[in-house]
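Here is the structure we will look at.
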Amino acid sequence: MTYDTLRERQVDQFLDAPAFPDVEGRNVYISGPIDGDADAARKFALVHRACIDGGARTVFNPMAGAVQVRRPNWTREQHMLADVSTLTNGTTDMVLLMPGWTGSEGASLEHKVATACGIEAVDVDVPAPGDGPRMITNGRW
C-alpha cells in the first residue's frame, strides 16, 4: 500500500465518521501540540482536509506549508503571537483541539483565549491507520 493510498483511506475514515463536528460555513482554527510530536503534520493535515471537505468557510492550520513559509526562522514566541492574533481577529468561530492539547503550553493558551472570547472549542480525536475518529464535547464521549 502506498503512502497516498493510506492517507486517502485515513481521510475517508475521518470524514465518514459521524463524530466529526459540523464545520460547514464556519471559520475554523486548528489547535494542538506541535513540538515533540513527530506525527503532528499528518494529524493537522487530516483535520484540515476534513474541515475543507466538511464545508468550512476558512481553516487556519499552523502546520500548513504556506503558514510556515511566511515565518522562516521565527521564534516560538513570535509564532504564538501571530497565532493568537489570528485566533482573536474576530472571524474565528470554532477551535478544534487535537489530542494532547492539555499537555501543550501553546494549545492550552489557545483554548483559554478561545473560551475567554466565547469561541466554541471542540476536542477531536485523529484516527490512527485503520481507526475512525471520535469527538469529545464538554468532556463526554
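Read-outs throughout are calculated quantities, based only on the coordinates presented, and are distinct from any laboratory measurement. None of the values given here were measured: they were computed from a predicted structure. Cβ atoms come from the backbone with ideal geometry, glycine included; neighbour counts cover every protein chain shown.
If I stretch the segment between T91 and A116 completely, what's the gain in nm (0.36 nm per residue apart, minus their alpha carbon distance), one decimal?
Value of the extension gain: 7.5 nm.
If the chain between T75 and I52 were fully stretched, how many nm would it gain, using 0.36 nm times the residue separation less the Cα-Cα distance?
Contour length minus Cα-Cα distance gives 5.4 nm.
Using a 10 Å cut-off around each Cβ, can you sort L97, L109, L87, L81 from fewest to most neighbouring Cβ atoms?
In increasing order of surrounding Cβ atoms, one gets L81, L109, L87, L97.
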